[in-house]
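What follows is a short report on a single structure.
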Amino acid sequence: MSDITIPPAAPPARRTAPRGAAVAKVFEGLCFSAATCLLVALGGLLVSLAIGGWPAIAKFGFGFLTTATWNPVTDVYGAAGAIIGTVVTAGVALAISLPIAAGVAFFLTELCPAPLRRPIGTAVELLAGIPSIVYGMWGLFVFAPAFSKYIQLPMMMAAKPGSLLEKLTTGVPNGSGILSASIILAIMILPFMAATLRELLMTVPPGVRESAYGLGATTAEVVTSVTLPYVRTGAIGAVMLGLGRALGETMAVTFIIGNSHGFPQSIFDSGSTIASTIANEFTEASTPMHTAALIALGLVLFVITFVVLGLARLLLRNQEARA
Amino acid sequence: MTASAAKIARRRASDIVFKMFCVTVTVVALAALAAILWSLLSQGIGGLDLEIFTKSTPAPGSKGGLANAIVGSIQMCVMAMILALAIGILAGTWLAEYGGRSAYASVVRFLNDVLLSAPSILVGLFVYEILVAPFHTFSGFAGSVALAMLAVPVITRTTEDVLSLQAATLREAGVALGAPLSFVIRTILWRSASSGLLTGALLAFARISGETAPLLFTALNNQFFSLDLRHPTANLPVVIFNFALSAYDDWRRLAWAGALLIAATVLTVTVVARIVAKEPSRS
């Protein structure tokens, strides 16, 4: 039998697709769309604030930013009071908090005895995470009464009629107001800034610092002329990050600023910030124009904080690239 | 000779002033923060009893607890974390593994950093505009979405950071065996970075669990016990806010107890996150 059965030609060898190859593209697509979500979220935030606030912007125009009348009864709104309140409280808070935060950071990196270094550093970092509502409650129930009794009243008593001090200290001595809010904000951003500054200072190579000490520099000289200049860009970024927090902070301020509209007349006068106004009035807004004005306020806050935070991040990034 | 001696004395004096300043401000700062923790403990501990966890928020003058607020907060935080973990880990993975140094990746990275510290009240306004106003009702879902928006940037950032720390040889070894990159990421990189990812999740949870501002006009509040997230949902931060500003002593007592609960939760979660982060990774 010469009947040879020829086996059918084997199919051309094919590389078996590796396991999971089919989902590779899908997975990459998923990751990409998640990243795009972030972009959409921030864009959506801006667009929705602009749309929601448009009626107020269209009606009041540029005057929205420069007038301080905030009257839900006659439906006339101007944001200047809240804008000034926001900028002043955040600025004063930063002025109080920065030297203290820097002192703490220097203490932890240069002076602190080694066994205490970790516990104190950890404590500062933990405190940075305490919710701001806790700071607000403490401000209202503990800080405000003490502030009124030991600071406000004595200062108002001491002020001579007609003097500059009297002008600065008019208001109801109930412990709340612009200065109180600034102090609470300062305490709130303190652990955050101290922790960031400490982390930055720890990136200074030990050799740089040690050679300065080796040349006979004192601690003060090492800090001011070696370690601080080394992290300068990052430090400015960290400070602006703190400022950004203070600008947008809601709860710590709402409890204690007194919530009145218009330009604050003195450091003890009650005032409002953009965030506290929105928090207080949004759910009770009486007219569509009131809601629109509050959303337009939000847009103003968004622009202010976006600029500050953007600059902060760019500076910090430059520092990271250098370090 | 005397001139240089005077100079040395001056330098020494300024150094002493500097050191005294640093020590003083550290003591002042720690004292202020200790004072806050102390009043939180002393005012809050008195209000902490079993009824806090078993009864719902009361009318002024009657006995009650925070059960509805606690449950509502947990529900919203869990939902927010599920959403945020899915988006945040994928986005962080894209930034670390696919995006690299492309222009688009650096834009996303920058915006994520901005979102990381954006005012939370604006997130509340945004979610109000897209999820509350169109449906004409405040809801627990809206609250969850607002919280998720605050958690995502944290998770994205930590995910990218821990993935970039994984050894390049891990990726190369996986790819050399013929596995597609996506498979390597999911089965090797995520696994070896798991403790870092967990840390990020815990930090995000700590961040959102005390957030009040974004919930004020998304979840609003609810006086009664409810598991239905389609309606206004009670939550601890807003209850604390309302009760603290009320004129009733028993409401204020509950507010302090609630604040203590939240602060204790946040601190515990942060400490756990730090412990997890310190564990040596298996790589």
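Data overview
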| quantity | calculated |
| --- | --- |
| Criterion: modelled with pLDDT of 85 or more, more than 28 Å from A:Gly43 (Cβ to Cβ) and out of contact with any helix residue (DSSP H, G or I) (no Cβ under 8 Å at 6 or more places or on another chain) - qualifying residue of A:Thr287, A:Thr233 | A:Thr287 |
| Wholly within the range A:104-204, helices (runs of 4 or more DSSP H) carrying at least 1 residues that are in contact with a strand residue (DSSP E or B) (Cβ under 8 Å, 6 or more places away or on another chain) and among the hydrophobic types (A, V, I, L, M, F, W, C) | A:178-201 |
| Some residue of the range A:169-176 being in contact with a Leu (Cβ under 6 Å, 6 or more places away or on another chain) and not polar (S, T, N, Q) | yes |
| Residue match in the range B:215-238 (condition: within 15 Å of the chain's Cα centre (by Cα), facing another protein chain (nearest Cβ under 8 Å) and either under 30 Å from B:Arg109 (Cβ atoms) or modelled with pLDDT of 90 or more (or both)) | yes |
| The range B:206-231 - residue that is crowded, with 24+ Cβ neighbours inside 10 Å and of a type outside the set (Gly, Ala, Ser) and, of those, nearest to B:Val132 (Cα to Cα) | B:Thr218 |
| Boolean, B:Ile208 is in a helix (DSSP H, G or I), over 13 Å from B:Ser144 (Cβ atoms) and within 11 Å of another protein chain (Cβ to nearest Cβ) | no |
| Residue, farthest from the other protein chains (Cβ to nearest Cβ), within the range A:234-278, restricted to residues that are more than 18 Å from the chain's Cα centre (by Cα) and not in a loop (DSSP other than H, G, I, E, B) | A:Gly271 |
| Single residue of the range B:256-276 satisfying the filter (surrounded by 21 or more Cβ atoms within 10 Å (Cβ to Cβ) and more than 10 Å from every other protein chain (Cβ to nearest Cβ)) that is farthest from B:Arg207 (Cα to Cα) | B:Ala257 |
| Complete set of residues in the range A:105-119 that are more than 7 Å from chain B (Cβ to nearest Cβ) and in contact with a helix residue (DSSP H, G or I) (Cβ under 7 Å, 6 or more places away or on another chain) | A:Ala105, A:Leu108, A:Thr109, A:Glu110, A:Cys112, A:Arg117 |
| Qualifying residue in the range A:88-109 (condition: polar (S, T, N, Q), under 25 Å from A:Ser182 (Cα atoms), crowded, with 16+ Cβ neighbours inside 10 Å and out of contact with any Leu (no Cβ under 8 Å at 6 or more places or on another chain)) | no |
| Leading residue by the ranking (surrounded by the most Cβ atoms within 10 Å (Cβ to Cβ)) among those in the range B:58-105 that are touching a helix residue (DSSP H, G or I) at 6+ places or on another chain (Cβ under 7 Å) and charged (D, E, K, R) | B:Glu97 |
| Residue tally, condition surrounded by fewer than 19 Cβ atoms within 10 Å (Cβ to Cβ) and aromatic (Phe, Trp, Tyr), over the range B:106-150 | 2 |
| Residue match in the range B:238-256 (condition: outside any helix (DSSP H, G or I), of a type in the set (D, E, K, R) and in contact (Cβ under 8 Å) with a residue 40 or more places away in the chain) | no |
| Qualifying residue in the range B:43-64 (condition: assigned to a helix (DSSP H, G or I), hydroxyl-bearing (Ser, Thr, Tyr) and more than 12 Å from chain A (Cβ to nearest Cβ)) | yes |
| Residues of the range B:86-122 that turn out to be of a type in the set (A, V, I, L, M, F, W, C), free of Cβ contacts under 8 Å to residues at least 40 places away in the same chain and facing chain A (nearest Cβ under 8 Å), as a count | 12 |
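The values are calculated or read from the model by the stated rules, or taken from the named source; none is laboratory data. Since this is a predicted model, take the numbers as computed values, not measurements. As a convention, Cβ positions derive from the backbone with ideal geometry for all residues, glycine included, and neighbour counts pool all protein chains shown.
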